[in-house]
Amino acid sequence: MRVFTLILAAVLLIVGCASQPASTPAPTSPAAAPALPTATLPVASSPEPTELSPTAAPSIAPSPTAAALPASCEPTSSMTEGPYYTPNTPERTSLLEPGITGTRIVISGYVLGTDCQPIPGALVDFWQADDNGVYDNVGYKLRGHQFADASGRYTLETVVPGLYPGRTRHIHVKVQAPNGPLLTTQLFFPGESQNNTDSIFNPALLLPVQETNDGWAATFDFVVESAR
Ligand code: FE
C-alpha cells in the first residue's frame, strides 16, 4: 500500500510537471502565432495586387479614348490669304494636268467640326505655286475646290509647290462647313530651312509628309466652326 501510494504520488508529480511546461510556453506561442500571421497576411494577401490591377487596367484603357474625343478638336489656325487667290475655281480633286511638273503629292484627311465630328459636304479650296514657285494668276492651274465626301473626307492630288522669294514652301486653302464661317489658312512642309525665316510660318500647320512609291503623301484634318 505504501508502495502504491508512492507510485501514485510519482505519477501525479510527472503529470503535473508535464502539464506545467506545456502551459508555460503556451502563452508565448499564442502571442507569437498571431504576430506572425498578422504580419504575413497583409503582405501576402492578394487584396493589394488584386485591387491594383483592376483599378489600373480600366483607368488606363478609358483615359486615352476619353481624352482623344473632346480634347483635340481645336479649330485649325487661320492664316493670311496672300495676294494670289482667284475665286470661282474649278471643282476637282486632282490639280495634275499636262504641263504640270514636279513631285506628286497626295494630301488627304477629314474636315471636322469643333465637336470632332466629320462634316460631309464641307468646301475645301486649294491654290498654290507651281514647281518653280510661280502662280497662275490668269487661269486656274494648280487651283481647285472640292467638297468633303459623305464621311467628311477630302483628297487632293497635286505637286509639291516651289519656293518663291520671301516665303517658305506652302499650299493655300480655304475650308468652310455648309453655312459655317470661312477658314483661310496655309499648309507647310517639314524640313524646310525657310520655315525658320518665314515670319508667318506656323508649325501647327505642318504636313506630316511621307515618301511613297509614287511621290509624297500626307494627312491633315481641318477643324472648322460648323453651323450644327
Ligand atoms: Fe503663297
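The values are calculated or read from the model by the stated rules, or taken from the named source; none is laboratory data. Values in this document were obtained by computation on a predicted structure and should not be read as measured data. Glycine also receives a Cβ, built like all others from the backbone with ideal geometry; neighbour counts cover every protein chain displayed.
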* Could you tell me whether any residue of the range 77-90 is at negative phi, surrounded by fewer than 20 Cβ atoms within 10 Å (Cβ to Cβ), polar (S, T, N, Q) and assigned to a strand (DSSP E or B)? => no
* If L187 satisfies every condition in (1) in a strand (DSSP E or B); (2) more than 14 Å from the ligand (Cβ to nearest atom); (3) among the hydrophobic types (A, V, I, L, M, F, W, C) but one, which is the exception? -> (2)
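Out of curiosity, is F126 within 16 Å of the ligand (Cβ to nearest atom) and not charged (D, E, K, R)?
Values: within 16 Å of the ligand (Cβ to nearest atom): yes; not charged (D, E, K, R): yes.
Against the criterion (within 16 Å of the ligand (Cβ to nearest atom) and not charged (D, E, K, R)), F126 qualifies.
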* **Hits in the range 136-171 (condition: within 10 Å of the ligand (Cβ to nearest atom) and in contact with a Leu (Cβ under 8 Å, 6 or more places away or on another chain))** => P161, R169, H170, I171
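Among the residues of the range 212-224, write down those that are out of contact with any strand residue (DSSP E or B) (no Cβ under 7 Å at 6 or more places or on another chain) and either of a type in the set (V, I, T) or more than 20 Å from R104 (Cα to Cα) (or both). Give the steps one after another, and end with the answer.
As a first pass, look at the range 212-224 and keep what is out of contact with any strand residue (DSSP E or B) (no Cβ under 7 Å at 6 or more places or on another chain): 212-213.
Result: T212, single match.
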* So is V111 closer than 21 Å to H172 by Cα, surrounded by fewer than 13 Cβ atoms within 10 Å (Cβ to Cβ) and either modelled with pLDDT of 95 or more or of a type in the set (A, V, I, L, M, F, W, C) (or both) or not? -> no
